[in-house]
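To keep things clear, I will list the structure first and then write my remarks on it.
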Amino acid sequence: MKFNSLKSYNFPDSEGHFGPYGGSFVAETLFAALEKLDNDYAIAIKDDKFLDEFEKELKTFVGRPSPIFHARRWSEKIGGAQLFFKREDLNHTGAHKINNTIGQILLAKRTGKKRVIAETGAGQHGVATATVAARFGMECTVYMGATDVERQAQNVYRMKLLGAEVVPVNSGSKTLKDALNEAMRDWVTNVENTFYIIGTVAGPHPYPKLVRDFNSVVGKECKFQMQDLVGRNPDYIVACVGGGSNALGIFYDYIPCEEVELIGVEAAGKGLDTGKHSASLSAGKPGILHGTRTYLLQDVNGQVEETHSISAGLDYPGVGPEHAHLKDINRVRYVGASDREALASFHDCCRIEGIIPALETSHALAYATKLARELEKEKIVLVNLSGRGDKDMHTVSRYLSVDT
Ligand SMILES: *Cc1c(COP(=O)(O)O)cnc(C)c1O
């Protein structure tokens, strides 16, 4: 453990490195745009006007602060530690993603951009981006794999209602990573008038940093709220990890708090030994994808592998570079939860607490409840309830008819 250095945890460095991860592996044209973005961002976050507007939008448009809920019934049933939920599912548009898109659209506005673009997998980030584009009167184009366009018809319709153009991407596996490539291509061509809103703590510097910072409002609120509720920090914080933005959002301010154990839960899909999962940190190796160096699921030739998860939002072969670093320095422990475990917790959460969680979030719940079972009643496990499950009705009903 290298905990001593965490008191002064200060990553990334000026070039976007988190230890050996991160950086900026992009074409010349984008390099200049990224450097400018880094500068613009550094100035913006020292400007009270920018910070005040961010705070005001989070309060009046998103509905922050989100509450913390003591899941008393589920804790009693388990008979172990006390479960608390940070209710990001109550945010406008139903998940944590809106925190970051608000931050980025304010940067877009500040730098005079009139058009925003985004990539999306399940469509959640696309909806969050289309929402803020409408809110600030900007043109919006969302790239989405053709397979996902079919699978996620409702979110496509939502984005169109909000005035966005949705472009189906027909290359590669026609999913998220192909949509990301296409969005990058658009950005290279239109960098003068276009702001690229990335949906998680991945991509080239400075995106992993700025997405983390905008989402870190989650952990900042928790620190105050847990103090009010129980008078101390939680013993454990558990969050699901796709690209890793909701996890870093709640972890970040707790990194120097050594008494708080941080746990990231990846999608173990049908099992880590089946090859059908999306657990980049547990089963991947370092490599370069989408402009950053991080853990990736790749075959022996370094080709990026197809992933599987019941939750589209965790279905990505990479992960944010800061998570790779936090894993290597042993500050965050990364574990997996399978499709089956996530589904079981999804149902428990609905019936015991009256909350329909997102399938992504259900992975965090699966591990948190397993952990709570082994702990004393005085221990506190705080789960980031990253989103609501309304979007998952189709998937859940399909799995149910297969399983029963
Ligand atoms: C998108 C999404 C995730 C996964 O993305 P992260 O960047 O890992 O947070 C998790 N939960 C919900 C509800 C999502 O919509």
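The values are calculated or read from the model by the stated rules, or taken from the named source; none is laboratory data. Every value quoted in this text rests on a predicted model; they were computed, and no experiment measured them. Virtual Cβ from ideal backbone geometry, glycine too; neighbours counted across all protein chains shown.
Quick rundown of the values:
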{"quantity": "Flag if Pro256 is at pLDDT 95 or above and not in a helix (DSSP H, G or I)", "calculated": "yes"}
{"quantity": "Any hit, the stretch 73-85, residues being in contact (Cβ under 8 Å) with a residue 12 or more places away in the chain, within 16 Å of the ligand (Cβ to nearest atom) and not in a helix (DSSP H, G or I)", "calculated": "yes"}
{"quantity": "Leu248 being of a type outside the set (Phe, Trp, Tyr), out of contact with any strand residue (DSSP E or B) (no Cβ under 7 Å at 6 or more places or on another chain) and not in a loop (DSSP other than H, G, I, E, B)", "calculated": "yes"}
{"quantity": "Selection within the stretch 304-352 - acidic (Asp, Glu) and either out of contact with any Leu (no Cβ under 8 Å at 6 or more places or on another chain) or outside any loop (DSSP other than H, G, I, E, B) (or both)", "calculated": "Glu306, Glu322, Asp328, Asp339, Glu341, Asp348"}
{"quantity": "Some residue of the stretch 292-311 being of a type in the set (Phe, Trp, Tyr), within 13 Å of the ligand (Cβ to nearest atom) and surrounded by 24 or more Cβ atoms within 10 Å (Cβ to Cβ)", "calculated": "no"}
{"quantity": "Subset tally (residues that are at pLDDT 95 or above and within 16 Å of the ligand (Cβ to nearest atom)) for the stretch 121-142", "calculated": "9"}
{"quantity": "Filter pass, Tyr295 being among the aromatic types (Phe, Trp, Tyr), more than 24 Å from His70 (Cα to Cα) and at pLDDT 95 or above", "calculated": "yes"}
{"quantity": "Members of the stretch 333-363 found to be touching a Phe, Trp or Tyr at 6+ places or on another chain (Cβ under 7 Å) and buried (at least 24 other Cβ atoms within 10 Å of the Cβ), listed by number", "calculated": "Ala337, Pro357, Leu359, Ser362"}
{"quantity": "Residue match in the stretch 156-173 (condition: of a type in the set (Val, Ile, Thr), at pLDDT below 95 and within 21 Å of Gly318 (Cα to Cα))", "calculated": "no"}
{"quantity": "Inter-residue pairs, beta-carbon under 7 Å, first touching a residue at least 24 places away in the same chain (Cβ under 8 Å) and in the stretch 148-177, second part of a strand (DSSP E or B) and aromatic (Phe, Trp, Tyr), 6+ apart", "calculated": "Val167/Tyr143; Val169/Tyr143"}
{"quantity": "Helices (runs of 4 or more DSSP H) enclosed by the stretch 143-244 - at least 3 residues per element that are within 23 Å of Asn10 (Cα to Cα) and in contact with a helix residue (DSSP H, G or I) (Cβ under 6 Å, 6 or more places away or on another chain)", "calculated": "207-215, 217-230"}
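So that you can scan it fast, the table gives a plain yes or no per residue for (1) free of Cβ contacts under 8 Å to residues at least 40 places away in the same chain; (2) away from the ligand (no atom under 13 Å from the Cβ); (3) surrounded by fewer than 24 Cβ atoms within 10 Å (Cβ to Cβ):
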| position | (1), (2), (3) |
| --- | --- |
| Val218 | no, no, no |
| Cys222 | no, yes, no |
| Asp228 | yes, yes, yes |
| Cys240 | no, no, no |
| Ala247 | no, no, no |
| Glu258 | no, yes, yes |
| Glu261 | no, yes, yes |
